[in-house]
Amino acid sequence: MMLSLSRRWVVNAPKTTFIAPKILNRSLHLAPPFLLDDYVPRYMTLSSRDAAKKRSLAYAHLRNCNLCPRECGVNRYEKTGMCLIGEKAKVNTIAPHFGEEPCIQGHNGSGSVFMSGCNMRCIFCQNYDIAHQRNGMDLTPEELGDWYIKLQEVGNVHNINIVTPEHVVPQVALSILHARDQGLTVPIVYNTSSFDSLASLQLMDGLVDIYLADFKVWKPSTSKRLLKADDYAATARESIKVMHAQVGDLCFTGDGIAKKGLLIRHLVMPGKQDEGAEIMKFLANEVSTDCFINIMEQYHPDAHVGKPKRAKSDSKEEKQEV
């Protein structure tokens, strides 16, 4: 179920109920604030000077990695840190993807690039074989950027959707700048757990159009047990506020395709609906009452979840409660 915190216009769509902002006190011919006539990706408006600064900063971060809250500080050209990824991004899958929100996948699919490896260790991970086992091919930023062009020209995708980029932010930044020089013109989606450092978000500012951000859990005790990161919630709160400051609320063109803004995902987990409620309050009070949220119920862990702490619950009831 996807919703805007302040408004309630229901539109049925596959796998989700899309609750979009209601047009109040407006003539029908007037575009609401979330509707765009046209859109130019942010990276296309970046000056050559700013692009050069980002390239330089990306290489510097690789030599002293602090681009996630782990702050390993390793030289990625020589060894790896928590994510176990070095100077090259390891990519598992590159293809048009039709498993995203309708406003992201559209009619032609989202040009998804699934990064291998992760800076988290979620015991309920649904992409365990990708995130924990590091399967895939090693690509330079230039090779990665060339794949974006192929997705655009051959796949005719609506966007480039970089999935789990938190641990390869320098490589992603360099790949976007390379693809821009090669003719990339579609928006960039940064598909993240929200376990990002402010330094990485600063590097991506001006390169990302849509932040597709998870907010998993609220309590440090829960994140320590389930995510192996007791500072997750505090980090996610700060990261999401920065993301919204960069791109604002989710905006669409007339065909219903999202082009710019923040979209939050929250997976309702068994027994954690109270934490979901706290997350909703935070988003409404400290981010935006027009923030779009996809409340998901497909909890299906493929990693090592351990012993259950409660009986099986009705996930639909818990989702509705959130």
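Read the figures in this text as sums done on the coordinates, not as results from a lab. Not measured: the values here are computed from a predicted model. With ideal geometry, Cβ positions are generated from the backbone for all residues, glycine too; neighbour counts draw on all protein chains shown.
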_Calculated from backbone phi, Karplus (6.51, -1.76, 1.60) coupling profile of region 189-201 in Hz, x at Gly/Pro_ = 9, 9, 9, 10, 7, 6, 8, 10, 7, 5, 5, 5, 5
_Reachable aspartates and glutamates from LYS90, criterion Cα separation under 18 angstrom, eight or more residues apart if same chain_ = GLU78, ASP129, ASP138, GLU142, GLU143, ASP146, GLU166
*Calculate, in nm to one decimal, what VAL40 and TYR77 gain on full extension: separation in residues at 0.36 nm each, minus their alpha carbon distance.*
9.9 nm
*Once you sort the root eigenvalues of the Cα gyration tensor of region 49-172 as a ≥ b ≥ c, which label holds: rounded (a/c under 1.5), prolate (a/b larger than b/c) or oblate (the other case)?*
oblate
*Does region 30-321 classify as rounded, prolate or oblate by the C-alpha gyration tensor (a ≥ b ≥ c root eigenvalues; a/c under 1.5 gives rounded; else a/b over b/c gives prolate, otherwise oblate)?*
oblate
_Spelling out what I want: for every residue of region 109-120, take phi, set θ = phi - 60°, compute 6.51 cos²θ - 1.76 cosθ + 1.60 (Karplus), and round to whole Hz; glycine and proline get x._
x, 9, x, 7, 10, 8, 6, 8, x, 6, 8, 10
*THR93 to ARG121: extension gain in nm, 0.36 nm per residue of separation minus the Cα-Cα distance?*
8.1 nm
*Entries in LYS216/LYS241; LYS224/LYS260; LYS53/LYS241; LYS219/LYS272; LYS216/LYS272 that, when Cα-Cα distance is taken, lie over 21 Å*: LYS224/LYS260; LYS53/LYS241
*Antiparallel bridges, percent of DSSP beta bridges restricted to region 30-321 (to nearest 5)*: 30 percent
*asked:* Give me the one-decimal nm value for the distance between modelled label points at ASP146 and TYR59, 7 Å along each residue's Cα-to-Cβ direction.
replied: 2.1 nm
